[in-house]
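Trainee: Handing you a structure now.
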Amino acid sequence: MTELHWQKSSFSEAAGANCVYVAAAGPTGRIHLQESDAPATTLTTSPTAFAALIRTLTSSDHTFG
């Protein structure tokens, strides 16, 4: 597997817990996500699904219940 270069989300706190990290894998284009409280767990998704998630989370017309 290609080495991943993790980037901390700009919405994460400056240091410590509650940070989300994202990395993109070269040729496959797969998006990898990790949360600082569970670094051994990595979620992997497609760029299309990740873009849909970001659009939903940043949309002003969504409701979380």
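Quick note: the coordinates plus some simple rules give every number you see, no bench work behind them. Quick caveat: nothing in here was measured; it's all calculated off a predicted structure.
Trainee: Full extension from residue 24 to residue 60: what is 0.36 nm times the residue separation minus their Cα-Cα distance, to one decimal in nm?
Mentor: Working it through step by step, the gained length comes to 10.3 nm.
Trainee: Mind checking the full-extension length gain between residue 4 and residue 35? Use 0.36 nm per residue of separation minus the Cα-Cα distance, one decimal, nm.
Mentor: Between residue 4 and residue 35, full extension yields 9.7 nm more.
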